[in-house]
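Participant: Below are the structure tokens for one structure; questions will follow.
The values are calculated or read from the model by the stated rules, or taken from the named source; none is laboratory data. Just so it is clear, the model here is predicted, and its values are computed rather than measured. Cβ placement follows ideal geometry from the backbone for every residue including glycine, while neighbour counts extend to all protein chains displayed.
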Amino acid sequence: MTAIGWAQIALVLALVVGCAIPLSRIIASVFFGERNVLSPMFGPVERGFYRLAGVDPAREQDWFAYTIAMVVFSIAGFLLLYAVQRLQNILPLNPRGFDAVPPDLAFNTSISFITNTNWQNYSGETTMSHLTQMLGLTVHNFVSAATGLAMAFALVRGFARSSATTVGNFWVDVTRIALYVLLPLAIVLALAFVLLGVPQTLAGAVEATTLEGAKQVISIGPMASQEAIKQLGTNGGGFFNANSAHPFENPNAVTNVLQIWSLLLIPVASVLAFGRAVGDARQGRAILVTMGVFLLIGVAVVYWSETSGNPLLTALGVDPSGGNLEGKEIRFGQALSALFTVGTTGTGTGAVVTMHDSLTPLGGLVPMFNILAGCIWPGGVGAGLYGFLVVAIIAVFVAGLMVGRTPEYLGKKIEVREMKLAMLAVLIYPLVVLGFSGAAVLLQTALDSLNNSGPHGLSEILYAYASTNANNGSAFAGLNGNTLWFNSTLGTAMLLGRFAYVVPVLAMAGGLAAKKKIPASAGTFPTDGPLFVGLLVGVIVILYLLQYFPALSLGPVVEHFLMLSGKTY
């Protein structure tokens with residue numbers, strides 16, 4: 001590790017926070033339905049959409065109606081994307097003549113993009129037409145991210161309102177988030193990517209002559225537009241199979257910094273907007289500091305582990321001065337590779353500039369723990385905020401038990417109903433991840449998809465189910481997931497990770513909104529200072545280590561000790 005490397009990391013994070021502060025004001029204005037600097041441009045478009053859809057923006061929904069609207073919207077999106085993939089061979093904008101996507105892969109991909117997971121069991125440049133990439137995948141990058149932030153809005157209204165029967169209007173929230181937050185940022189970032197060398201064209205491919213004189217077909221297409229929203233929306237699905245390690249998706253050091261900046265921007269801004277929405281900016285800052293603790297610790301571990309190198313390779317005579325360079329995009333260096341790795345798994349993005357399968361055992365442990373915890377520091381767009389608020393509710397309940405009084409958070413009493421819903425949400429993850437992983441290691445058809453045996457093979461399976469269940473989408477790339485078993489079970493994990501988690505959260509939002517706000521008293525546990533940050537950190541460590549320590553011990557921890565002893569498997 002070097003001072004220059006840490007300076008690079010600090011510069012990128014400073015840019016994120018500096019830009020997130022003004023963006024949080026816009027997100028808060030969208031939350032309250034107030035005018036902002038973009039209203040003169042997008043206000044007429046917004047009102048036009050309402051007229052076309054027959055939506056009354058003044059009419060709000062209770063939590064159940066809000067949930068039904070979200071589910072119906074997601075089902076419609078699934079059917080549209082599935083149809084586009086199955087019919088792409090007869091639809092236009094298919095310059096390379098790709099065939100229809102097979103049914104099980106189309107199912108998996110459709111589930112993946114409506115849940116903001118963007119897990120890819122395919123190579124985009126050899127499987128998807130330009131129409132599928134644009135109308136199918138890029139559109140869902142917008143609407144799935146908007147859906148995530150809308151659900152966070154509903155939960156925040158539960159805390160902000162008193163004795164209310166509604167939590168907002170789903171159709172209005174999604175429309176405003178897409179128009180005022182995602183679309184303007186995506187347009188500006190896409191133009192910046194084009195300026196910096198990312199292709200944006202409807203051409204299918206170009207033919208190049210290699211140094212040996214052979215002919216090579218190089219895929220091109222509408223990449224810059226998809227690249228922008230894949231990062232801003234914490235989606236992660238790339239035009240190329242190599243994702244952000246591909247020189248067309250990520251041509252130089254400036255685009256690499258922009259990609260890290262953009263995948264962290266909206267999650268950080270959303271946390272600050274939460275403080276504005278509940279009328280106390282300190283609440284948002286306390287949560288952001290807690291998220292920052294885990295993010296920085298993760299970066300430090302990955303940076304240290306990868307620069308320390310692999311003793312097995314050193315023993316073979318490989319120069320250890322550069323650290324572990326296997327699977328790295330060496331144009332960007334170890335420091336920003338570490339930040340990208342932790343940022344993309346600390347959010348729900350899943351884009352990669354480093355192959356996580358090639359990380360050292362402890363380096364791979366960090367992104368795996370991030371996704372096992374649900375990608376909540378700082379989390380996906382919306383999903384990170386409502387996921388972290390669920391943990392905060394558990395933390396104040398623990399604090400209430402310690403001081404012997406009914407726990408409160410933001411003026412709302414946390415009672416039996418809220419705790420049952422919170423525990424129902426957080427227990428979905430270990431049930432799905434450990435259940436499917438346990439089944440997979442017992443089935444030969446699943447084991448045949450592994451490129452590695454032993455603890456690393458277990459890590460590949462565990463990571464796949466954790467990534468899909470947390471709606472992240474990155475992978476330990478040694479696993480071949482394009483089989484009937486994995487397409488079906490990983491798709492199911494994505495569905496449960498999104499909907500089985502968020503339905504209890506929305507039910508909680510409705511119950512909290514109906515409660516009367518209680519003014520703070522001398523016995524109220526403070527949730528805006530260092531004591532609460534420390535409590536949150538402790539609860540997170542205990543909660544997730546208790547759930548996953550045995551699995552992590554059998555995977556990356558065992559692999560680390562094997563590496564130190566000079567053994568392979």
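Participant: Return the residues of the stretch 27-50 that are in contact with a Pro (Cβ under 9 Å, 6 or more places away or on another chain) and in a helix (DSSP H, G or I); say none if nothing qualifies.
Facilitator: Correct list: Met41, Phe42, Glu46, Arg47, Tyr50.
Participant: Let me ask something else. State whether the residues of the stretch 453-469 include one that is more than 21 Å from Gly384 (Cα to Cα) and part of a loop (DSSP other than H, G, I, E, B).
Facilitator: yes
Participant: Then there is this: Within the stretch 11-43, which residues are exposed (fewer than 14 other Cβ atoms within 10 Å of the Cβ) and either of a type in the set (D, E, K, R) or more than 23 Å from Pro184 (Cβ to Cβ) (or both)?
Facilitator: Those that are exposed (fewer than 14 other Cβ atoms within 10 Å of the Cβ) and either of a type in the set (D, E, K, R) or more than 23 Å from Pro184 (Cβ to Cβ) (or both): Leu11, Glu34, Arg35.
Participant: Could I ask something else about it? Condition test on Pro57, is it touching a helix residue (DSSP H, G or I) at 6+ places or on another chain (Cβ under 8 Å), in a loop (DSSP other than H, G, I, E, B), farther than 23 Å from Lys230 by Cβ and in contact (Cβ under 8 Å) with a residue 60 or more places away in the chain?
Facilitator: Spelling it out, Pro57 is indeed touching a helix residue (DSSP H, G or I) at 6+ places or on another chain (Cβ under 8 Å), in a loop (DSSP other than H, G, I, E, B), farther than 23 Å from Lys230 by Cβ and in contact (Cβ under 8 Å) with a residue 60 or more places away in the chain.
Participant: Ala300 versus (1) small (Gly, Ala, Ser); (2) modelled with pLDDT of 95 or more; (3) assigned by TED's automatic domain parsing to the domain that holds Ala146: which is the lone unmet condition?
Facilitator: Unmet for Ala300, out of (1) small (Gly, Ala, Ser); (2) modelled with pLDDT of 95 or more; (3) assigned by TED's automatic domain parsing to the domain that holds Ala146: (3).
Participant: Restricting to the stretch 539-568, name every residue that is in contact (Cβ under 8 Å) with a residue 24 or more places away in the chain, over 16 Å from Leu462 (Cβ atoms) and surrounded by 12 or more Cβ atoms within 10 Å (Cβ to Cβ).
Facilitator: Residues satisfying the conditions are Val539, Ile540, Leu543, Leu562, Met563.
Participant: Just name the residue that is farthest from the chain's Cα centre (by Cα) out of those in the stretch 322-358 that are more than 14 Å from Asn370 (Cα to Cα) and of a type in the set (Ser, Thr, Tyr).
Facilitator: Once the filter is applied, the top-ranked residue is Ser358.
Participant: Six or more apart or on different chains, Cβ under 8 Å: which pairs go from a residue in the stretch 65-76 that's assigned by TED's automatic domain parsing to the domain that holds Thr109 to one that's among the hydroxyl-bearing types (Ser, Thr, Tyr)? Could you list them?
Facilitator: Met70/Thr147; Phe73/Thr147; Ser74/Thr115; Ser74/Thr147
Participant: In addition: With the requirement that a residue be of a type in the set (D, E, K, R), within 24 Å of Asn250 (Cα to Cα) and surrounded by fewer than 24 Cβ atoms within 10 Å (Cβ to Cβ), what does the stretch 296-354 give you? Before the answer, list the steps.
Facilitator: If we filter the stretch 296-354 for residues that are of a type in the set (D, E, K, R), which is where we start, we get 306, 319, 326, 328-329, 331.
Retained after the next criterion (residues that are within 24 Å of Asn250 (Cα to Cα)): 306, 326, 328-329, 331.
Those that are of a type in the set (D, E, K, R), within 24 Å of Asn250 (Cα to Cα) and surrounded by fewer than 24 Cβ atoms within 10 Å (Cβ to Cβ): Glu326, Lys328, Glu329, Arg331.
Participant: Given Gln88, Gln120, which one is outside any helix (DSSP H, G or I) and more than 22 Å from the chain's Cα centre (by Cα)?
Facilitator: Gln88
Participant: Further question: Return yes when Ile376 is over 30 Å from Ser29 (Cβ atoms), surrounded by 24 or more Cβ atoms within 10 Å (Cβ to Cβ) and under 17 Å from the mean Cα position of the chain (by Cα) and no when it is not.
Facilitator: no
Participant: Something else about it: I need the full set of residues from the stretch 268-288 which are more than 13 Å from Leu13 (Cβ to Cβ) and β-branched (Val, Ile, Thr), in order please.
Facilitator: Val271, Val278, Ile287, listed by residue number.
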